[in-house]
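The structure appears right after this line, and notes come after that.
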Amino acid sequence: MSASAVDRLPAPLARRIALAAQGVADPRPTGPTDSRRLRRVADRVGVVQIDSVNVLSRSHYLPFFSRLGAYPRAALDDFAGRRHELFEYWAHEASYLPVRLHPHLRWRMAAAEEHAWGNMIAVQRDRPGYVTEVLDRVRERGPTKASELLETRREQPGTMWNWHPAKVALEWLFFTGALTARSRTAGFERVYDLTERVLPPAVVAAPTPEPAAAFRELVRTAARALGVATERDLRDYFRLRPEAARTAIAELTEAGELLPVRVDGWAAPAWLDPAARRPRRATARALLSPFDSLVWERPRVERLFGFRYRLEIYTPAAQRVHGYYVLPFLLGDRLVARADLKADRRSGALLVQAVHGEDGIDRAEVAVELAAELGLMADWLELDRVVVVGAGDLAADLIAASVVAP
């Protein structure tokens, strides 16, 4: 397909292309979830962001729920922690990634002094012998948690999230690729081990590509995951520096692996994955984690959906507009509402602390669909009921749609 044949895209088509690329254009598959389905989601999105906030669920579980439905979370733990088909590293942020991408991030590991931050850089500069001792300890004794290496002296408050020196050393070794995560504890503490003892031998033995080739593969992966994207979209996916991303985009365009396009209403030029699906309609329904790769770049969300989305976790409670942990609600090809959710595990309830609808929606239809999605989520989280607290302009409609209210 020539670039001239696709040099202009209507905005609704660009939106559907993006949804299909992310695996949220169609209804969820039916039947039990197996490793093949988990692998398909992981390969499709390329990056699954990790975050420690657990007010609803650990964030990395949610993108799989949005795309697969009520799968067993233990299956994802096994997929990453025992089968090691995913590995942890700094990609978009702290992330799970398909192991095939490990060689393509070794340039970042090798240049850790340019990309790491804070005490991680200081510890290897000022205490190299200590870092070596920590590495030797892991090598000799096996899988290690930072809590097992606590020292009596702690860093000053406010430094590196109050990490103690052993934790900082472990994180430096993790950043450089000497260590990786073997698993996570029930409390979500990372268990470190030598990378060669964790990742599949074929991945460990795979040659390390030149940085330019790695940049091309990362941009290629981002383009497939995004469908249609601006330069900023493509480089932000793996947090590439502008010059490296621009060069990779130019080389992939020259090779015909990216097609330059103009999207109606987008100020910046864009690129299309030639293999991207172009669905005529989107029929998915999903609540999306704030850290889902469909919505993590807020300017792209506004371009695609006209949906202004801000994470208010760090906003003082009195200044929040929509709530603490707010999930956009996707219905068809639009983000139609947003819900501030909390899993109250003690009472067995999924709390809808606030819910707001977008302008121009069919409020009754959205409420019915959202009620069904909340019920599915509650079952998945092993909660007994959904409780609508009552805040937000869509709360009354949601209660009327037969969601249990106090």
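The values are calculated or read from the model by the stated rules, or taken from the named source; none is laboratory data. What you are looking at is a predicted structure, and each value in this text was computed from that prediction instead of being measured. Using ideal geometry, Cβ is built from the backbone for each residue, glycine included, and neighbour counts are taken over all protein chains shown. Only protein heavy atoms, including side chains, enter the accessible area calculation; ligands, DNA and RNA are left aside. Shrake-Rupley method; radii C 1.70, N 1.55, O 1.52, S 1.80 Å.
Just a few scattered comments:
- Within the accessible area of region 4-71 (1.4 Å probe), percent carbon and sulfur: 48 percent
- Three-way shape call for region 38-101 based on the alpha-carbon gyration tensor, with the a/c threshold at 1.5: rounded
- Chymotrypsin sites (Phe, Trp or Tyr not before Pro) restricted to region 283-339 and DSSP loop, no more than 10 other C-beta within 10 Å: Y314
- Mean residue ellipticity (222 nm) of the chain, computed from DSSP H runs ≥ 4 via -39,500 (n - 2.57), nearest 500: -11000 deg cm²/dmol
- Projecting the Cα atoms of A396, V352, L62 onto the charge dipole of the chain (Cβ charges, centred on the Cα centre) puts L62 farthest toward the positive pole.
- Percent of Cα pairs exceeding the 20 Å cut-off, where the set is region 102-205: 38 percent
- Mean shadow area of region 216-255, taken as a quarter of the surface of its Cα convex hull (nm²): 2.3 nm²
- Charge dipole (debye, nearest 20) of region 284-404; +1 at Cβ of Lys and Arg, -1 at Cβ of Asp and Glu: 400 debye
- Contact order, relative form, for region 284-404: 21 percent (alpha carbon pairs under 8 Å, 6 or more residues apart, mean separation divided by residue count).
- The loop-placed trypsin sites (Lys or Arg not before Pro) in region 338-406, going by DSSP, that have at most 15 neighbouring Cβ atoms within 10 Å of their Cβ come out as R345, R346.
- Considering all C-alpha pairs of region 284-404, those separated by over 20 Å amount to 39%.
- Protein accessible area in region 102-205, 1.4 Å probe - carbon and sulfur %: 52 percent
- Here the translational diffusion coefficient of region 209-278 follows from Stokes-Einstein with Rh set to the Kirkwood radius across Cα pairs; for 25 °C and 0.890 mPa s it amounts to 207 µm²/s.
- Overall Cα dimensions of the chain, principal axis frame, Å, largest first: 64, 58, 42
- Accessible area per residue for region 102-205 is 49 Å², calculated with a 1.4 Å probe on protein heavy atoms, without ligands, DNA or RNA.
- Rounded percent of accessible protein surface that carbon and sulfur make up, region 211-267, 1.4 Å probe: 47 percent
- Each of A75, V48, P98 was scored by the projection of its Cα onto the charge dipole of region 1-127, and the greatest displacement toward the positive side belongs to A75; charges sit on the C-beta of Lys, Arg, Asp and Glu.
- The GNM of the chain, with springs linking C-alpha atoms under 10 angstrom apart, assigns the highest mean-square fluctuation among A91, A391, A317 to A317.
- Probing with 1.4 Å while keeping every protein chain in the model, the per residue accessible area of region 209-278 equals 44 Å².
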